[in-house]
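Heads up: the structure comes next, in structure tokens.
The values are calculated or read from the model by the stated rules, or taken from the named source; none is laboratory data. Bear in mind the structure is a predicted one, so any value in this text is a computation, not a measurement. Positions of Cβ are generated from backbone atoms using ideal geometry, with glycine treated the same way; all protein chains shown enter the neighbour counts. Each accessible area value is taken on the protein alone, full model and side chains, heavy atoms only, with ligands, DNA and RNA left out. Shrake-Rupley method; radii C 1.70, N 1.55, O 1.52, S 1.80 Å.
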Amino acid sequence: MRAALFVTCVNDALYPGTGIAVVRLLERLGVGVDFPKAQSCCGQPQYNTGYRHETEPLVRRTARAFAEHEYVVTPSGSCAAMIREHYPRIGRKAAAEGRGNELAEAAATLAPRVYELTEFLVDVLGVTDVGAYFPHTVTYHPSCHGLRGLGLGDRPRRLLAAVKGLDLVELPGAEECCGFGGTFALKNPDVSTAMGTDKITAAAGTGAQVLCGADNSCLAHLDGLLRRADSPLRTLHLAEILAATEEEPLS
Amino acid sequence: MTGTYLGMPAFPAVPDLPAFPAAAREAVRDEVLRANLRHATHTIRDKRARAVAELADWDRLRAAGKAVKDHTLRHLDRYLLQLEEAVTAAGGTVHWAADADEANRIVTELVRATGEREVVKVKSMATQEIGLNEALEAAGIAAYETDLAELIVQLGHDRPSHILVPAIHRNRAEIRDVFRAEMAGWGRPAPEPLGDDPRELAEAARLHLREKFLRAKVAVSGANFMVAETGTMVVLESEGNGRMCLTLPETLISVVGIEKVVPTFRDLEIFLQTLPRSSTAERMNPYTTMWTGLGPSRGADGDGPTAFHLVLLDNGRTDTLADETGRQALRCIRCSACLNVCPVYERAGGHAYGSVYPGPIGAILSPQLRGTRSAIDASLPYASTLCGACYEVCPVAIDIPEVLVHLRERVAQGGPVTRAGVRVTLRPADGHTAERAAMRAARLLLDHPGALRAGERLLARARRLAPRRLPGAGRAWTDSRELPTVAAQSFRDWWDRERSNPR
């Protein structure tokens, strides 16, 4: 089986380790990985801030970059939700505004082929034990777009629970938003910080060494608060934990 | 669509209030307020979840409620005319108010015609929306709020901060202080001594209000629902104060938003289940009062008002109805479940929303009813992380995040809207020039992977120079958070080295 990796712009520039981890993990599970270089940002920052027209070229670009692939895998619940939920909406609106059906068709053909990483592992590959090894105490924050947008349910937790050596502790108030919210973090910094501070306080209270998530943008916000507070708690993307093995531990 | 460009539509009185982020900053720093809100919202959200889980058919009730509301809104003209006919046939009088001024004028004249100088009020957010109390005061008429929480707000010279619990931002010690200081100025003073036990506080309010109920000849109410086929008004409440207002006075004036109509009596079956469970987490609310005009006795037996007036309020609702995406906000049954689960509301408090409708529903309702011209209304669509918790709990399935993004587009890029029945094109709101330029630059960069890659390399090379604090808009991040560390090489570069040219 082959799958295309949609690495997302945040991972590409700031968290390449996440993309590398997805490649290693999928290859270990026998999946050949393609990386179409024409890919870019999904357009979520523009769309969610109110710039739908600026988003359209990125919708077109993403659909074209992955036109050939049966499976498109991305290590981000929010980018997956953007493509699955909002691309068709953007396409329909463009058609309604008289700019043709091309965007709507592109969105409709792409949306069902896009999988968030844990969906791909559990639903398509049918695995929960990916042969990972990570001897640490971990707590998991389910990001809103994964949790409510995609309905990932307990997939991430099942994957983590199957990791050898890993002690998974529940995060109180896990389903509450961390306060990142894309440009919300800049437009409403006080509320954003207050929400994030409550989240890292809850995470630190679990006694975990690692706060795990499946969206690097949320983790960037929480990590920024943790480092400013000189907390020993570190953030890690789920993919990096799943990619770690006894032979190749996470550095 | 007409080609008229309106930067500043002449549409309802626009509040001169600070934008949401500035108002929220105050609230976030108020430790007592944060603790009050956190305690109250978490208690009710947990209870609500249990009450909803009791019903096996919740999802179907939710879908049915949505369907009934959508159907009614699609045929609103027909159902409102049917309602008018039924209310009139039952001995009531129907008045149509296009906006706040007209509604206030109608009510003021109705009260004046009775010769009375005071009214008791219950359950009407619509009257708060239009500023009726202030209009009556200007006409020399005193309006007394009788809902316990609204009484607290009124006595405290305060503003409501929650749809269901307008005084949610107050704790009981604060309420005791308000009662002690203010009750005497409005009527019966607070008993001495007065503690902060909820029972004692409720008794103080009861004694104070009883005097008002027994004296009042005129009442002003709202309604949760209006039934088109029978002309029936429905009020749901917990305290019984509403029933006192609805039955004791001689004249009853109900001010109700036109979106509150449902077609048939049978439709209430859905909402009488979903509203109490969503709002107070009760299986059934303690008091459900229904009245149809003056009833068969026409008030002749002394039970109930002898005159009933219904003021149907538009005030931006028809214009909202014209917007395909935004109109779903009119499905709202004012349960407040979205406020209680909203992490932003929990930190910012209700006052930051600058409207009688706070929280997620307020963030989509106010900028539609009032327009996006003022600083507060242009900022409300951004008062959310789009976490989706509000949509998940909404008993009529309003996709609040969808409407928020839709309204953000209106603020940032402009677009077609209906104002006073006329289709116009709005220009973007002021103050988005820099943001628009940044979004455009980002899109140009992101749409050219070669340029993106060059940018990433530049960023990687300059990564050791990254400042701890950014200037300009970036300060909003670095004031409280560290910046992410830029990686030495991007994923693209790693891929090229490790996978594109296998060694």
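Gyration tensor over the Cα atoms of the range B:162-217: the corresponding equivalent ellipsoid has semi-axes (square roots of 5 times the eigenvalues, largest first) of 19, 15, 10 Å. Listed cross-link partners B:123/B:212; B:66/B:260; A:93/B:260; B:69/B:123; A:187/B:260 are compared with a 23 Å cut-off, the Cα-Cα value being larger for A:93/B:260; A:187/B:260. Kirkwood radius, the range B:146-253, all distinct C-alpha pairs, inverse of mean reciprocal distance: 14.9 Å.
The C-alpha radius of gyration of the range B:15-136, expressed as a fraction of 2.2 N^0.38 Å, stands at 1.54.
In terms of its alpha-carbon gyration tensor, the range B:76-220 comes out prolate; a/c meets the 1.5 threshold, and the first ratio a/b outweighs b/c. Other protein chain C-beta atoms within 10 Å of residue C-beta, averaged over A:53-63: 3. Peptide A:88-94 shows a mean partner chain C-beta count of 1 within 10 Å per residue C-beta.
In a reduced charge model with +1 at each Lys and Arg Cβ and -1 at each Asp and Glu Cβ, the range B:9-99 shows a dipole moment near 520 debye about its Cα centre.
Quick check of the Kirkwood formula: for the range A:40-106, what is the inverse mean of 1/r over all pairs of different Cα atoms, in Å?
Taking the inverse mean of 1/r over all distinct Cα pairs, the range A:40-106 comes out at 12.1 Å.
What is the distance in Å between the Cα centres of the range B:311-336 and the range B:109-185? Distance between centres, Cα-based: 25 Å.
Charging the Cβ of each Asp and Glu at -1 and of each Lys and Arg at +1, and nothing else, the dipole of the range A:20-136 about its Cα centre rounds to 360 debye.
Which of the listed residues, A:88, A:120, A:51, is farthest toward the dipole's positive end in the range A:41-124, when Lys, Arg count +1 and Asp, Glu count -1 at the beta-carbon? Positive-end residue among those listed: A:51. Fully extending the segment from residue B:113 to residue B:32, taken as 0.36 nm per residue of separation minus the present Cα-Cα distance, adds 24.6 nm. Over all pairs of different C-alpha atoms, the range B:220-282 has a mean inverse distance whose reciprocal, the Kirkwood radius, equals 12.6 Å. The distance from the alpha carbon centre of the range B:367-444 to that of the range A:177-251 is 29 Å, rounded to a whole number.
Among the cysteines of chain B, those whose beta-carbon sits 4.7 Å or more from every other cysteine beta-carbon are B:245, B:332, B:335, B:342, B:394. Peptides B:393-401, B:115-123, ordered by how many other C-beta atoms sit within 10 Å of their residues on average, highest first, read B:393-401, B:115-123. Taking all Cα pairs closer than 8 Å and separated by 6 or more residues, the relative contact order of chain A comes to 20 percent.
As a ratio to 2.2 N^0.38 Å, the alpha-carbon radius of gyration computed for chain B takes the value 1.10. The range A:107-194 has equivalent-ellipsoid semi-axes of 26, 22, 9 Å, by the square roots of 5 times the alpha carbon gyration tensor eigenvalues, sorted largest first. Dipole orientation for the protein assembly as shown: of the candidates A:238, A:178, B:389, A:238 has the Cα lying most toward the positive pole (charges on Cβ; Lys, Arg +1; Asp, Glu -1). Taking the protein heavy atoms of chain B in the context of the full set of protein chains, the accessible area attributed to carbon and sulfur is 53 percent at 1.4 Å. With bins 5 Å wide beginning at 0, the percent of Cα pairs of the range A:1-94 falling in each bin runs 3, 14, 24, 25, 18, 10, 5, 2, 0.
How many Cβ atoms of partner chains, on average, are near each residue of A:37-45 if near means within 10 Å of its Cβ?
If you average over the peptide's residues, the count of other-chain Cβ atoms is 4.
Peptides B:189-196, B:324-331, A:31-38 ranked from most to least packed, by the mean per-residue count of other Cβ atoms within 10 Å: B:324-331, A:31-38, B:189-196.
Between the range B:445-482 and the range A:25-56, the alpha-carbon centres lie 20 Å apart. Looking at A:214, B:80, B:270, which one has the Cα that reaches farthest to the positive end of the dipole of the protein assembly as shown (charges on Cβ: Lys, Arg +1; Asp, Glu -1)? Highest projection toward the positive end goes to A:214.
In terms of the Cα gyration tensor, with a ≥ b ≥ c the square roots of its eigenvalues, is the range B:336-453 rounded because a/c is under 1.5, prolate because a/b exceeds b/c, or oblate?
Because a/c hits 1.5 or more and a/b fails to exceed b/c, the range B:336-453 counts as oblate.
Panel values: the range B:233-370, Kirkwood radius from alpha carbon pairs, Stokes-Einstein at 25 °C and 0.890 mPa s, translational diffusion coefficient 144 µm²/s.
Here the protein assembly as shown is treated as an ellipsoid with the same Cα gyration tensor; its semi-axes, largest first and in whole Å, are 51, 28, 23.
Whole-percent P(r), the range A:148-230, all Cα pairs, 10 Å bins from 0: 16, 49, 30, 5, 0. In percent, rounded to a whole number, the relative contact order of chain B is 22, using alpha-carbon pairs under 8 Å and six or more apart. For chain A, the C-alpha radius of gyration sits at 1.00 times the compact-globule guess of 2.2 N^0.38 Å, with N the residue count.
At the listed q of 0.25 Å⁻¹, the Debye profile of the range B:428-486, built from one uniform point per Cα, gives log10 I(q)/I(0) equal to -1.10. Remark: chain A carries a charge dipole of roughly 600 debye about the Cα centre, counting +1 on each Lys and Arg Cβ and -1 on each Asp and Glu Cβ.
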